[in-house]
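Encoded as structure tokens, the structure appears first; notes follow it.
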Amino acid sequence: MTHETKIEKDANNRQLNITREFIAPVDKVWRAWTEAEQLDKWWAPKPWRAITKTMDFTVGGFWLYCMAGPTGEKAWCRVDFTAITPGQSFDATAAFCDEGGNIDKSFPPMYWRNVFSATATGSKVDIQLSFDTEADMAQIVGMGFKEGFTMGLGNLDELLARS
């Protein structure tokens, strides 16, 4: 059984509020979000795949990865971790970049706040994705964020069911 990904747009606050439940304990879902080996198995929407170049999941550390497409194209992203409460939440700033982690200023940064909690059937992740401007949010949504992220979370369901 899988759950629905709920994505609500809050234009006034320049946010996407995302909620997703999983049939797995919080610690297992936490590891899937915070360990490179796990992220590489679910983060990208199929047929794309995530490939981690480096990851340091500490405050001040970052995750540098690419989403590799089926015909060899690569989209690089850097996620800088700004706050971590182990097993409960983490904050990060994500931005498109080059393979060396140099930020591409033609794309807006995304500010993530991920909160993990237990439910009667497993766990829930509440995500607040914030942007500097409404236009920045529209740019990311226009690139297919909602569809791609929903697909990625479906991949996570599959991974959690297998492990």
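The values are calculated or read from the model by the stated rules, or taken from the named source; none is laboratory data. Bear in mind that the values here come from a model prediction, so they are computed numbers and not experimental data. Positions of Cβ are generated from backbone atoms using ideal geometry, with glycine treated the same way; all protein chains shown enter the neighbour counts.
Quick one: in the stretch 114-163, of everything that is outside any loop (DSSP other than H, G, I, E, B), among the β-branched types (V, I, T) and out of contact with any strand residue (DSSP E or B) (no Cβ under 7 Å at 6 or more places or on another chain), which residue is surrounded by the fewest Cβ atoms within 10 Å (Cβ to Cβ)?
Only one residue tops the list, namely V141.
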Requiring at least 1 residues that are without any contact (Cβ under 8 Å) to a residue 40 or more places away in the chain and farther than 28 Å from A118 by Cβ, the strands (runs of 3 or more DSSP E) wholly within the stretch 1-92 are 49-55, 62-68, 74-85
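Quick grid of which residues meet (1) in contact (Cβ under 8 Å) with a residue 40 or more places away in the chain; (2) closer than 18 Å to T19 by Cα:
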site	(1), (2)
D104	no, no
P109	no, no
M143	no, no
L153	yes, yes
L160	yes, yes
S163	yes, no
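Please find, among A50, A68, A83, A120, the residue that is of a type in the set (A, V, I, L, M), under 20 Å from N155 (Cβ atoms) and out of contact with any helix residue (DSSP H, G or I) (no Cβ under 8 Å at 6 or more places or on another chain).
A68
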So, in the stretch 95-107, how many residues would count as being surrounded by fewer than 18 Cβ atoms within 10 Å (Cβ to Cβ) and either out of contact with any Leu (no Cβ under 9 Å at 6 or more places or on another chain) or in a strand (DSSP E or B) (or both)? 7
Right, A68: farther than 21 Å from G148 by Cα and either of a type in the set (D, E) or modelled with pLDDT of 95 or more (or both) or not? no
